[in-house]
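Reviewing the structure listed below.
The values are calculated or read from the model by the stated rules, or taken from the named source; none is laboratory data. This is a predicted model, so every value here is computed, not measured. Note that we place each Cβ from the backbone using ideal geometry, even for glycine, and neighbour counts take in every protein chain shown.
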Amino acid sequence: MSDDAAQNWVLPHAGKRVALGVTGGIAAYKAAEILRGLQRAGCIVRVAMTEHATRLIAPLTFRALSGTHVVVDDYAPDNPDPIAHITFSQTVDLFLVAPATANIIAKFAHGIADDFLTTTYLASTAPVVVAPAMNTTMWQHPTTERNLAVLRADGVHIIEPDAGEMACGTIGPGRLSEPDKIVAATLALLDTKSNDLTGERILLTAGATREEIDPVRFLSNRSSGRMGSALAQVARARGAEVTLVAGVMSVDVPAGVRVVRALSAAEMHAAVMRELDRATVFIGAAAVADYRPAKRADQKLKRSGTTLTLTLEPTPDILAAVADARRDGLLVIGFAAESEHVVEHARAKLTRKNLDAIVANDITRTDAGFDTETNSITLLTRDRATPLELPLMSKRNAAEHILDEIARLRQQQTAQAVK
């Protein structure tokens, strides 16, 4: 991507205030590089450390770099702020913990507040970002996976660790993500305006549809609805009014979101067209069946020992119908789940269906796409020749990027209308 294209995806962050928490992993020394990277971007950084972190890198290092007192124990005589856990967390724009050990992740997930950093987490009103770092076995342990799932559900942004050789000699995932990646992810979140989608009425589809064969059998897919749920949650947090047309979902619907249930593709099509008049943005994130049985059996089909042939017919094309019914100002965003030539097929769909943007992902990956906590997406728009390929990240973080693009498209549309 060219420098000019990259510039379009980044917003100013000078003067942003970041609280940096450092915990007792061997990667604690890399926190100094993260601090400097944030400062180079114009951020004002304050640092807090756990007691174990101070055994790996001295607080004096961070005090010299940040120019401010480093909090380890808020009861320490040299602490200038008697309620530091409140002011530290509630006067910043973002709370970043890097590295985050398995221990601190477990404490965050279970609400344990037995030191300054954990107390600060519970008191934080700012977005929280956690960059885990630990041994591969610890990272892959079911307990850690459960704790991370709790944090994601609570809205914490997780910067996935890298794979590589650990200090202990183990090779695998768990190594702290590179400082420049952590800085980039943090800045991307800082760029998000808390109310930048105020006034938008987002109509969103999510989950899988079911096309009945008989009263007990159906055709469907592996979509969990996680990506759509993340989009609804983030859009609501950024000020939008959200209506979610939900198919079959294995995740909860976020609070504050209006839900319309739709089981089949036909039901989802009807629901979307009923709701479309009020929408200013449509996002088609549902995995809608392309075909359905031409005839549904009224009774359960019995095993006969011979081949059963089903005749299938196309389902309504919801995305195309929305684009055809587009009113002035309506933004239409589609998804393309592809198994080959991902960008090429997505671009063809973008053009064929006259969309403003499309989100492409490779469903052959085991760590992205259907029924996963993470996603690796490519964003394509009508106004850019160069697609934006994003690395593997949580679906909530992916939702932030998608909504960033929607906000940019709206700003562009508004600017053109003024001319």
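Residue by residue, here is whether (1) over 23 Å from residue 236 (Cβ atoms); (2) in a strand (DSSP E or B) holds:
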site	(1), (2)
104	yes, no
118	yes, no
130	no, yes
144	yes, no
149	no, no
164	yes, yes
186	no, no
190	no, no
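Note on the stretch 167-215: among residues that are modelled with pLDDT of 95 or more and of a type in the set (Val, Ile, Thr), the one that is farthest from residue 21 (Cα to Cα) is 213.
Here the strands (runs of 3 or more DSSP E) wholly within the stretch 284-370 that include at least 3 residues being out of contact with any Lys or Arg (no Cβ under 6 Å at 6 or more places or on another chain) and either under 23 Å from residue 249 (Cα atoms) or aromatic (Phe, Trp, Tyr) (or both) are 291-293, 331-338, 357-362. Every test in (1) crowded, with 22+ Cβ neighbours inside 10 Å; (2) over 18 Å from residue 24 (Cα atoms) is passed by residue 129 save one, and that test is (2).
If the condition is being farther than 14 Å from residue 155 by Cα and surrounded by 15 or more Cβ atoms within 10 Å (Cβ to Cβ), then the stretch 105-126 contributes 106, 107, 112, 113, 115, 116, 117, 118, 119, 120, 123. On the basis of being of a type in the set (Gly, Ala, Ser), surrounded by fewer than 20 Cβ atoms within 10 Å (Cβ to Cβ) and either more than 19 Å from residue 335 (Cα to Cα) or modelled with pLDDT of 95 or more (or both), does residue 265 make the cut? No. Can you find even one residue in the stretch 85-96 that is at pLDDT 95 or above and either part of a strand (DSSP E or B) or more than 26 Å from residue 138 (Cβ to Cβ) (or both)? Yes, there is a match, as at least one residue in the stretch 85-96 is at pLDDT 95 or above and either part of a strand (DSSP E or B) or more than 26 Å from residue 138 (Cβ to Cβ) (or both).
The condition of being within 29 Å of residue 215 (Cα to Cα) and of a type in the set (D, E, K, R) holds for only one of 324, 298, 328, that being 298. Residues that are under 18 Å from residue 121 (Cβ atoms) and either of a type in the set (Asp, Glu) or modelled with pLDDT of 95 or more (or both) within the stretch 54-84 comprise 73, 74, 81, listed in sequence order. Has the stretch 137-145 got any residue that is crowded, with 21+ Cβ neighbours inside 10 Å and either of a type outside the set (A, V, I, L, M, F, W, C) or within 24 Å of residue 401 (Cα to Cα) (or both)? For the stretch 137-145, residues crowded, with 21+ Cβ neighbours inside 10 Å and either of a type outside the set (A, V, I, L, M, F, W, C) or within 24 Å of residue 401 (Cα to Cα) (or both): absent.
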